[in-house]
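Structure, as structure tokens:
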Amino acid sequence: MKTKNYYGLMAMAIAMMTAGCTQEADEVMNQEQGEVVTTFAVTGDFEMSLRPMTRGELTADGKAMTDLWVLDYKDGALVQQLHQTSGDEDFGSPTLALSLGQHHIYFVCSRGTEPTLSTDAHSITWATTSDTFYKDYSANVTSGSTANRSVTLDRVVTKLGITIADAIPTGTTYVEITPATWYYGIDYLTGEATAAQTSGTRTINIPESRIGKTGTNLNIFGLSSATEWTTDVTVTACDGDDNVIGTATITGAPFKANRATTYSGSLFSAGGGFAMTLTDSWDDDYLGSW
């Protein structure tokens with residue numbers, strides 16, 4: 001019995017030594033290749049949690065983010081890229097093998113729909129924009145660099161909120177929100193808004209449960225720079241036959257990244273108008289009326 005224990009312990013010791021040698025060999029190989037395998041913990045104005053099967057989840061304002069792009073540039077050239085979706089087990093914790101030297105690593109996290117990445121135009125555009133976060137992360141990678149880094153992303157969208165103060169009349173099917181100018185993309189090298197549209201309309205269906213109710217809230221997101229800019233907005237309510245049953249126009253509504261601009265007022269009442277407010281969940285609110 002003692003003999004069996006002796007040989008068993010010897011086997012375990014050899015296995016541990018072999019594992020240690022393998023780990024050391026991997027580290028030597030990484031050093032010879034001039035790479036440091038690095039895992040990033042993505043943080044920001046959202047929450048990270050684990051779903052069943054250990055999949056990561058990023059949520060902002062209670063809504064799950066769907067896409068994360070990581071684009072690694074060295075000496076001004078794209079050397080590698082990674083696109084994670086919410087179904088990936090390591091969503092929100094991307095791992096890259098970084099070569100030694102100075103890098104700019106661009107992170108974009110969003111829940112917009114139908115994203116299109118163009119590395120030629122260094123941009124990402126969406127068919128429908130939604131909450132989006134961004135970071136230009138500078139990293140000097142050396143042989144002694146840490147294998148774990150935390151990167152904080154900043155919100156790069158604005159939000160337009162429309163609160164219809166009067167009761168939604170019977171027959172109302174949808175509301176169209178049409179900004180004169182709205183941005184649907186981001187230049188990931190600069191973080192600036194791109195892909196401006198001058199006739200883009202967002203259609204929001206009105207559920208039957210809102211008929212006869214006051215205080216209906218409607219929201220749309222758009223990419224934005226940190227510098228305030230203005231645009232006109234038209235709000236139109238229609239019935240099932242596409243007849244206009246209520247309309248209002250906002251002139252010179254101001255927007256900037258990480259700030260919500262909210263207008264409230266009557267859409268169906270004669271002589272009604274919208275007054276503007278800003279929500280404090282992002283930056284300070286902006287209030288307005290028409």
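The values are calculated or read from the model by the stated rules, or taken from the named source; none is laboratory data. Because the structure is a prediction, the values reported are computed rather than measured. All Cβ positions, even for glycine, are placed from backbone atoms using ideal geometry, and neighbour counts span all protein chains on display. The area values use the complete protein model at the heavy-atom level, side chains included, leaving out ligands, DNA and RNA. Shrake-Rupley method; radii C 1.70, N 1.55, O 1.52, S 1.80 Å.
Things worth noting here:
- Some residue of segment 66-84 being among the hydroxyl-bearing types (S, T, Y) and within 19 Å of T158 (Cα to Cα): yes
- Here is the figure for segment 22-75: residues that are touching a strand residue (DSSP E or B) at 6+ places or on another chain (Cβ under 8 Å) and at pLDDT below 55 total 4.
- The number of residues in segment 120-139 that are surrounded by 11 or more Cβ atoms within 10 Å (Cβ to Cβ), more than 19 Å from A226 (Cα to Cα) and among the hydroxyl-bearing types (S, T, Y) comes to 1.
- When segment 156-172 is limited to residues that are closer than 30 Å to N243 by Cβ and aliphatic (A, V, I, L, M), the one that is nearest to the chain's Cα centre (by Cα) turns out to be L160.
- Count - residues of segment 207-233 that are within 21 Å of G265 (Cβ to Cβ), within 26 Å of the chain's Cα centre (by Cα) and of a type in the set (V, I, T): 5
- Restricting T158, T234, T247, T214 to residues that are in contact (Cβ under 8 Å) with a residue 24 or more places away in the chain, part of a strand (DSSP E or B) and open to solvent by 40 Å² or more (accessible area, probe 1.4 Å) narrows the list to T234.
- When the residues of segment 140-155 are filtered to those that are open to solvent by less than 30 Å² (accessible area, probe 1.4 Å) and over 22 Å from the mean Cα position of the chain (by Cα), the one that is nearest to A121 (Cα to Cα) is V141.
- Flag if I105 is farther than 15 Å from V42 by Cβ, part of a strand (DSSP E or B), open to solvent by less than 10 Å² (accessible area, probe 1.4 Å) and modelled with pLDDT of 95 or more: no
- Across segment 185-211, the qualifying residues are those that are under 18 Å from K135 (Cα atoms) and in contact with a Gly (Cβ under 9 Å, 6 or more places away or on another chain), and the one among them that is surrounded by the fewest Cβ atoms within 10 Å (Cβ to Cβ) is T194.
- Qualifying position, being on the phi < 0 side of the Ramachandran plot and part of a loop (DSSP other than H, G, I, E, B), among T170, T178: T170
- Residues within segment 77-93 that are modelled with pLDDT under 95 and not hydrophobic (A, V, I, L, M, F, W, C), tallied: 7
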